[in-house]
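Below is one structure, written out as structure tokens; the observations come after it.
What follows draws every value from the coordinates through simple rules; no lab data is involved. As the structure is a prediction and not an experimental result, all values here were calculated from the model. Because the Cβ atoms are built from the backbone with ideal geometry, glycine has one as well, and the counts that use them run over all protein chains shown.
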Amino acid sequence: MAIDTDYTEINRRRRRDIAILASGSILLLLVLWVTGALGWIECLTAVLLIAGGAFAYNVGIVASARVHRPAIRTRSPRSSRANQHQAQQMIIAALQQPAMVIDAAGGLVVYNLSAAEIFNLPAGRAGLSAASLRHPELLTSVERVLSEGGSVTCELSAVRQPGQVWLAKVTELVSGDTVRAVLVVMTDQGPVRRAEKARADFLANASHELRTPLTSISGFLETMQGAAREDREAWPRFVDIMADQTAHMRDLISDLLSLSRIELSEHKAPTTEVDFANIVNEVIEAMMPVAEARGVALCVEGEAGPLPMVAVEGEVKQVVQNLLSNALKYSAEGSEIHLHFGGATSLDAAEDAASRTWSGASRAALLLARPTIGAQHSRAVWLRIRDHGPGIDEAFLPRLGERFFRVDASRGGPVEGTGLGLAIVKHIMAHHRGGLAVESIPDEGSLFSLWMPALVLE
Ligand code: ADP
């Protein structure tokens, strides 16, 4: 392109110079003729010679331009193809997903590192054939798009590891009327499949959990209508069991609704300023009658406050309530529960305060705090609740917070609670970008600790 422009410009200048030279000479001859220095025959001859020379020069320039032009034309498409290839390489390399371009002859023109990794190709090697992908389904789709055009999406399994599923989109790259190459872009279906499986598992678990008390209630009703119809003395016992099962179903439904409400609002950052100290004190006050009824002492050591933070008040209350009610549930009569809470000058300091080591205890981090980039995290709050209950076996600690996971069920003991309390706590802490950990020594007790940024500006 640059060469083309140079020749045109040079020729234009040459023509201009010749025209000036010829007009100057003709003018000089006219002056000589007028002054009588030259006769008219000599002047006419000289003018004709000059005009002829200028004409011949111009013809020469046009001819030389014709000679150069084909050379310029043949170079231009090749350089533009090289530019196109370079642009393709840059775009494909910039893509995070595995991507590649395959030409009509079945050559792998360009592929990025992700594609090299999943198809086990040597990185950046030119001249490979598409056959080296060793995936017949993908090659069939490529051939189809090369011959018919358009785009095809195919599912590829076990590309790198067994069980992995990729979606490959093969799209035509057209030049003129023909498909010159195809673009293949792959998407990992793993996360989507895992989310689908988690949803299906959750539905199956929730239905199972609800069906168990329902089966029990309908069983007792059948007994009361049939075999025990006349056994009125046994009825109050049956009614008590049915009332328990009904309460369990109510708790389950309420926890499931809480969980779905929190999940729905999880992407919205909290916006209201609340007092953490006030929230903790309110929950302690509300639970005091339960503690007294169980004969458990609540020993509270908290900062006087206020401890302002941006949070969803109802959610933070639910966290404290769930942890405290678990501690109460697993505490024996006459034992103590220790609650410590306060503010800190940073999230790290809050984590340190919440997780002061309990010597000999096993610890599992259930959730890591996720400070928001650009937000003010100069202050943070923390809480730790320690009971003297049965404790939790080290092997089960990391599983706490999984929906419907109960240590009692794994131990084969009586199943109490919904198994959703800690899952709710974990979701709420994630919503507040906080951290959560558990420590325990079997037969000595459990300690749940949490910490979260006091101000989250988004
Ligand atoms: P649940 O409603 O069953 O209490 P959670 O999600 O709150 O559900 O707790 C899950 C399991 O973790 C419980 O079933 C129990 O086995 C165990 N767990 C929770 N808190 C404690 C605690 N303070 N002491 C001993 N075990 C606990």
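Does the stretch 249-390 classify as rounded, prolate or oblate by the C-alpha gyration tensor (a ≥ b ≥ c root eigenvalues; a/c under 1.5 gives rounded; else a/b over b/c gives prolate, otherwise oblate)?
Oblate is the answer for the stretch 249-390, as a/c is 1.5 or above yet b/c matches or exceeds a/b.
Over the chain, what number does the Rg to Rh ratio reach, with both radii from the alpha-carbon atoms and Rh per Kirkwood?
1.37
In the stretch 131-215, how does Rg compare with the Kirkwood Rh, expressed as the Rg/Rh ratio over alpha carbon atoms?
Over the Cα atoms of the stretch 131-215, Rg/Rh equals 1.28.
Please list log₁₀ I(q)/I(0) at q = 0.11, 0.17, 0.24, 0.28 Å⁻¹ for the stretch 176-251, using the Debye equation with identical point scatterers on the alpha-carbon positions.
Taken in order of the listed q values, log10 I(q)/I(0) reads -0.53, -0.78, -1.05, -1.18.
Can you list the aspartates and glutamates whose alpha carbon sits under 15 Å from that of residue 317, skipping same-chain ones fewer than 8 residues off?
255, 273, 275, 282, 285
Spin-label point model (7 Å from Cα, Cβ direction): what's the residue 402 to residue 332 distance in nm?
The answer from the label model is 2.9 nm.
Which of the lysines could a cross-linker bridge to residue 169, judged by Cα under 29 Å and excluding same-chain residues fewer than eight apart?
197
Which of rounded, prolate or oblate describes the stretch 304-345 when judged by the alpha-carbon gyration tensor and an a/c cut-off of 1.5?
Oblate, since a/c reaches 1.5 and b/c is not below a/b.
Counting other beta carbons within 10 Å of each residue's own, what order do 330, 57, 111 fall into, fewest first?
Taking fewest neighbouring Cβ atoms as first place, the list is 57, 330, 111.
Between residue 49 and residue 265, what length in nm is gained on full extension when 0.36 nm per residue of separation is reduced by their alpha carbon distance?
Extending this stretch completely gives an extra 68.4 nm.
Can you tell me the length gained on complete extension of the stretch residue 153 to residue 16, counting 0.36 nm per residue apart and subtracting the Cα distance?
Extra length from residue 153 to residue 16 when fully extended: 43.1 nm.
With runs of 4+ DSSP H residues as the only contributors, calculate the mean residue ellipticity of the chain at 222 nm using -39,500 (n - 2.57) per run, divided by the residue total and rounded to the nearest 500.
Taking each H run of at least 4 residues, the total per residue is -17500 deg cm²/dmol.
If each of residue 85 and residue 286 carries a label point 7 Å out from its Cα toward its Cβ, how far apart are those two points in nm?
So the two model labels end up 7.1 nm from each other.
Express in nm, to one decimal, how much length is gained between residue 297 and residue 244 on full extension, taking 0.36 nm for each residue of separation and deducting their alpha carbon distance.
16.4 nm
Neighbouring Cβ atoms within 10 Å as the yardstick, rank 134, 433 fewest first.
Ranking 134, 433 by Cβ neighbours within 10 Å, fewest first, gives 134, 433.
Over the stretch 130-253, what is the relative contact order in percent, taking alpha-carbon pairs closer than 8 angstrom and at least six residues apart?
15
Can you tell me the mean projection area, over all orientations, of the convex hull of the stretch 234-320's alpha carbons? Units nm², please.
The number I arrive at for the stretch 234-320 is 7.8 nm².
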